[in-house]
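The values are calculated or read from the model by the stated rules, or taken from the named source; none is laboratory data. Here the structure is a predicted model, which is why all the values come from computation and not from measurement. Cβ placement follows ideal geometry from the backbone for every residue including glycine, while neighbour counts extend to all protein chains displayed.
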Amino acid sequence: MRLGLILMAPSIQDQLAAARHAEARGFHSVWTTEFHNHNAFVRLTAVAATTQRVQVGTAIAYAFMRTPLLAASAAMDIDELSGGRVILGLGSGTRSMNERWYSMPFDKPPAPRMREAVELIREAIRAQKGGGLVFEGEHYKVKIPMYARPGAPRERIPIYIAGVNRGMIRAAAAVADGLIGHPVYTRKYISERVLPELEGSSCELTPYIVCSISDDVEQARREARAQIAFYYTTRLYHSILDVHGWREVGEKIAQAFRSQDFAGMAAAVPDELLDAIAITGRPEEARDQLQQWQGLTDHVLLYPPSTGADPARLRENVAAIIDTFGPHAA
C-alpha cells in the first residue's frame, strides 16, 4: 500500500519539515490542502522545492474558484520545478464555499462542469509544445492561437477529482486518474457505493483516512471524533451515513452545530462511526487498523485531525504518523 500524508502541520515551515520527514521515511506522496485562508498551489510550490523524490499533490485545490487554465499553468509550473512529481487534485467545494467565500457562481449539479474543467486542463498540458489552444465547451471556451509552454517535463500530469456522491464519483471514473476519497468515507461506503462506480475505469481510489496516534488512546479518539463531527455539519455528506442507517447521527451533529455546541457535536459521533472512518490509538494499534483498508485501495492519504487541535499536539501527531507508518528510516 502506497502511503500519502496530508500536510496539516500548523505553519508552512512545519509543513515543509513534515514533507522532508515523510520523504526520508519513504512515504510515496505528500499533499497540500486549500481553504479560505491558505492556497494549495503556493504551499505545494514550497513543498516541491524542499523535497527531491516524493510525489507532491493538491488534495484538494478548488476547481471553480479559479479557471482551468490557471490550474493547468500552476500544475505545469510546479511539475517543472519538481522534475515531474505533481499530482493535480481538484475539488468543487460546496455551494456555500463557492458563493460565500469566493463570490463565485455554483452550478448544480457540479459534476458536468468538473468533467469539462479536467478535459480543458488536459488539453492545455498536451498543447504545451505549441500550435495553439482551442477549447469549445458548455462551461469553458478558450482560444489562444500562440499557446505554448516550453520547459514542461511531461505531456501528461495525473489529475485526481475529489468526490462524495455518485455524480462526482462517475465524473472521476470518466476523466480522472484518481478519486480522492472524502475524510468521512466509511469502508462500507467505499465497498458498496464507490468501488462499483470505478469498476472498469483506470481511476484509482485514493481516500483520506483520519489518523490520530497517541499513547493516550482516548485523546486520539477525541481528536478524530471532533474532525468527523466538523465534516458532518455539512448535510451534503450525510449520504455516506445512509449505507449504515445512521442518518440520525448527521442530524444530531447538525443540530448541535446550529446551537454552537461543539462538545455536543463530537459526542454525537458514536464509536461505530469513528471506527468505520478513522485510525486511532497507539502506533502498533494504528498499524493494525490500517490493514482494514487492504483490498479497498492501494494508495491512502493519512490525515491528522486539526479541528480544535493545539498546534504542539498537531505537530506531535504529524511526526507520530510519519514514524509509525514510514516504510524505512532516514
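Quick notes on this one:
- Lone qualifier among VAL210, VAL217 - being under 17 Å from the mean Cα position of the chain (by Cα) and modelled with pLDDT of 95 or more: VAL210
- Checklist (1) surrounded by fewer than 23 Cβ atoms within 10 Å (Cβ to Cβ); (2) under 29 Å from TYR62 (Cβ atoms) applied to LYS252, failing item: (2)
- Considering residues of segment 128-146 that are part of a loop (DSSP other than H, G, I, E, B) and surrounded by 11 or more Cβ atoms within 10 Å (Cβ to Cβ) only, the residue farthest from the chain's Cα centre (by Cα): GLY131
- In segment 40-57, residue farthest from the chain's Cα centre (by Cα) [restricted to those that are over 13 Å from LEU88 (Cβ atoms) and small (Gly, Ala, Ser)]: ALA49
- Residues that are among the polar types (S, T, N, Q) and either closer than 15 Å to ALA46 by Cα or touching a residue at least 12 places away in the same chain (Cβ under 8 Å) (or both), drawn from segment 87-97: SER92, THR94
- Taking the listed residues THR297, THR280, THR324, the one that is hydroxyl-bearing (Ser, Thr, Tyr), modelled with pLDDT of 95 or more, within 23 Å of the chain's Cα centre (by Cα) and assigned to a helix (DSSP H, G or I) is THR324, with no other qualifying.
- Top-ranked residue of segment 284-293 - restricted to ones that are touching a residue at least 40 places away in the same chain (Cβ under 8 Å) and farther than 27 Å from ARG247 by Cα, ranked as surrounded by the fewest Cβ atoms within 10 Å (Cβ to Cβ): GLU285
- Here segment 262-296 is the region considered, the condition is being of a type in the set (S, T, N, Q) and in contact with a Lys or Arg (Cβ under 9 Å, 6 or more places away or on another chain), and the residue that is nearest to GLU218 (Cα to Cα) is THR280.
- So PRO105, is it surrounded by fewer than 20 Cβ atoms within 10 Å (Cβ to Cβ), in contact with a helix residue (DSSP H, G or I) (Cβ under 6 Å, 6 or more places away or on another chain) and in a loop (DSSP other than H, G, I, E, B): no
- Any hit, segment 79-86, residues being hydroxyl-bearing (Ser, Thr, Tyr), in a loop (DSSP other than H, G, I, E, B) and either free of Cβ contacts under 8 Å to residues at least 60 places away in the same chain or surrounded by fewer than 22 Cβ atoms within 10 Å (Cβ to Cβ) (or both): no
- Scanning segment 94-120 for residues that are among the basic types (Lys, Arg) and over 20 Å from the mean Cα position of the chain (by Cα) returns ARG100, LYS108.
- Flag: ILE125 does not match the condition of being assigned to a helix (DSSP H, G or I), more than 21 Å from GLN294 (Cβ to Cβ), hydrophobic (A, V, I, L, M, F, W, C) and within 18 Å of the chain's Cα centre (by Cα).
- Residue-level check: of (1) surrounded by fewer than 17 Cβ atoms within 10 Å (Cβ to Cβ); (2) of a type outside the set (D, E, K, R); (3) at positive phi, GLY281 misses just (1).
- Enumeration of residues in segment 146-185 that are of a type in the set (Ser, Thr, Tyr) and out of contact with any Phe, Trp or Tyr (no Cβ under 9 Å at 6 or more places or on another chain): TYR147, TYR160
- Taken as a whole, the condition of being over 19 Å from TYR208 (Cβ atoms) and in contact (Cβ under 8 Å) with a residue 12 or more places away in the chain applies to ARG25.
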